[in-house]
Amino acid sequence: MLISIVAPCYNEEDVVERFHEEVQKVADELLPLGHDMEFVYVDDGSRDLTLAALKRIADRDSRVRYVSFSRNFGKEAALLAGLRHATGDSVVVMDADLQHPPGLVRRMVDLRAQGYDQVVAKRSRSGERISRTFTARLYYRFVNRLVDVELVDGVGDFRLLSRRVVDAVLGLTEYNRFSKGLFAWVGFPTATFEYENAVREAGRSSWSFRSLLNYGLDGVLSFNNRPLRAALYLGMALLVCAGAYTAWIVGAALVNGVETPGYVTIITAVTALAGVQMVMLGVIGEYTGRIYYEVKRRPHFLVKATNVERAKDLIP
Ligand code: UDP
Ligand code: MG
């Protein structure tokens, strides 16, 4: 069986060589068991010498394929490129920063042999800032109410996929990709095991608070139109409240005569309603924006350099 390791690399010049050494060790362990390995490294438009490092690695090791983007297209695009150019019967997707322990690949391959199509490594959140653990927990509770696939906290992109899962994921051609959800959406028998969170070896995480926020929103909005429906319900609830309140005021006016005061009520009602309308418009705008990006049918990424024959056509 051929196993592909797919790793997106963005500004990982410090670790990518170490990463390759580590996965090579795994490959050496798996070879006697009848498993070949190939490595697909995607340089996501790094601004450092990641590409040079990848070329060096590829010169030394003929099992290495690399694809380098013309700019930073984001991890999702890098994952997509990696999956497209992986030829293995099983594909292991993992980060290049050694936060996903390569030693676990062996375990994944064992579970794959037991017939699971997806083997997922679930990260425990130990050693992380409490605030981040807390927000993550809160987020997953909220998001699972809204989306129809189940998104699990700590489950990320460190997973093994069988060929049919890879083909299914590649069949989803949407522009806005939320891989975590796409993998869950595809389904098939899935095994999950937990591992200890590792701290980053070198370089720095590219997640800022803002990018996490955007990622979180993508998770909610990429799957269905339930937020739109929620907006609809909220609007109807407000309408009912407004109706009841109007009836009450009119009733009071009929009984007690007209009283002019009501400044606070008016301001509160106007600002609250304006806020709610803005939020609803925002939700609609998000979906329209997504449609806009989808209909443009732009490629997910452009390739600048590669040693994969098939990907060379993509270089303009
Ligand atoms: N990555 C990428 N493109 C980006 C950002 C990140 O390919 O725009 C890669 C990065 O090189 C790493 C993986 O995605 O292999 C995870 O990124 P990071 O370590 O920054 O995220 P975290 O581990 O904090 O979730
Ligand atoms: Mg990382």
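Counting only pairs 8 or more residues apart or on different chains, how many lysine pairs in the chain have their Cα atoms under 25 Å apart?
Pairs that pass both the separation and distance tests number 15.
Scan around Gly156 for amide H atoms under 5 Å from its own, H built in the peptide plane at 1.01 Å from N, and keep only partners 5 or more places away or cross-chain.
Those lying under 5 Å, H to H, from Gly156 are Arg123.
Classify segment 88-181 as rounded, prolate or oblate from the Cα gyration tensor: take a ≥ b ≥ c as the square roots of its eigenvalues, call it rounded if a/c is under 1.5, otherwise prolate when a/b beats b/c and oblate if not. Write down the numbers at each step before the final one.
On the way: a/c = 2.03, a/b = 1.27, b/c = 1.60.
Oblate is the answer for segment 88-181, as a/c is 1.5 or above yet b/c matches or exceeds a/b.
Explain nothing, just the number: dipole magnitude of the chain about its Cα centre with +1 on each Lys and Arg Cβ and -1 on each Asp and Glu Cβ, in debye rounded to the nearest 20.
Details: 39 positive and 37 negative charges, 121 e Å.
The calculation lands at about 580 debye.
Got a sec to turn the phi values of segment 160-166 into Karplus ³J(HN,Hα) couplings, 6.51 cos²θ - 1.76 cosθ + 1.60 with θ = phi - 60°, whole Hz, x for Gly and Pro?
Running phi through 6.51 cos²θ - 1.76 cosθ + 1.60 with θ = phi - 60° gives 9, 10, 6, 4, 5, 5, 4 Hz.
Please give the net charge around Ala305, taking every other residue with its beta carbon less than 9 angstrom from that of Ala305, where Lys and Arg add +1 and Asp and Glu add -1.
On the way: positive: Lys55, Lys304; negative: Asp43.
Net local charge, Ala305 excluded: +1.
Per residue of segment 45-58, what does 6.51 cos²θ - 1.76 cosθ + 1.60 with θ = phi - 60° give for ³J(HN,Hα)? Whole Hz please, x for Gly and Pro, Karplus curve as stated.
Each residue of segment 45-58 in turn: x, 4, 9, 10, 9, 4, 4, 4, 4, 5, 4, 4, 4, 5 Hz.
Per-residue ellipticity at 222 nm for the chain, helices alone: DSSP H runs ≥ 4 residues times -39500 (n - 2.57), over residue total, nearest 500 deg cm²/dmol? Please list the in-between numbers first.
Working: 11 runs with 163 residues, N = 316.
For the chain, the value works out to -17000 deg cm²/dmol.
With only alpha-carbon atoms counted, please give the Rg and Dmax of the chain, in Å.
For the chain, the Cα radius of gyration and maximum Cα-Cα distance read 24.9, 93 Å.
Of Phe193, Phe301, Phe158, which is the most mobile in a GNM of the chain whose springs link Cα atoms less than 10 angstrom apart?
The residue that fluctuates most here is Phe193.
Can you list the residues, at least 5 places off or on another chain, whose amide H is less than 5 Å from the amide H of Glu12, using H built in the peptide plane?
For Glu12, the qualifying residues are Thr50.
Please find the FRET efficiency linking Ala269 to Glu150, where r is the Cβ-Cβ separation and R0 is fixed at 25 Å, and quote it to the nearest 0.05.
Numbers: r = 39 Å, r/R0 = 1.57.
Efficiency, from the Cβ-Cβ distance: 0.05.
So what is the relative contact order of the chain, in percent, for Cα pairs below 8 Å that sit 6 or more residues apart? If you can, show how the numbers build up before the last one.
On the way: 457 pairs, mean separation 68.2, N = 316.
Once divided by the residue count of the chain, the mean separation gives 22 percent.
At a Förster radius of 51 Å, what calculated FRET efficiency corresponds to the Cβ-Cβ distance of Val258 and Tyr292, to the nearest 0.05? Intermediate results must be reported in sequence, preceding the final value.
On the way: r = 49 Å, r/R0 = 0.97.
My answer for the efficiency is 0.55.
Tell me the angle of helix 104-113 to the major Cα principal axis of the chain, expressed in degrees between 0 and 90 and rounded to the nearest ten.
The helix 104-113 is inclined about 90 degrees to the chain.
When the Karplus curve 6.51 cos²θ - 1.76 cosθ + 1.60 is applied with θ = phi - 60°, which whole-Hz ³J(HN,Hα) does each residue of segment 23-40 get, with x for Gly and Pro?
Each residue's phi maps through the Karplus curve to give 6, 4, 4, 4, 4, 4, 5, 7, 4, x, 8, x, 10, 8, 9, 10, 10, 10 Hz.
List every residue whose amide H lies under 5 Å from the amide H of Asp36, counting only residues 5 or more places away in sequence or on a different chain, with H placed 1.01 Å from N in the peptide plane.
Leu2, Ile3
Where a number appears in this text, it was derived from the coordinates with a stated rule and is not lab data. Computed from a predicted model, the values in this text were never measured in an experiment. For neighbour counting, all protein chains shown are included, and Cβ atoms are generated from backbone atoms with ideal geometry for every residue, glycine included.
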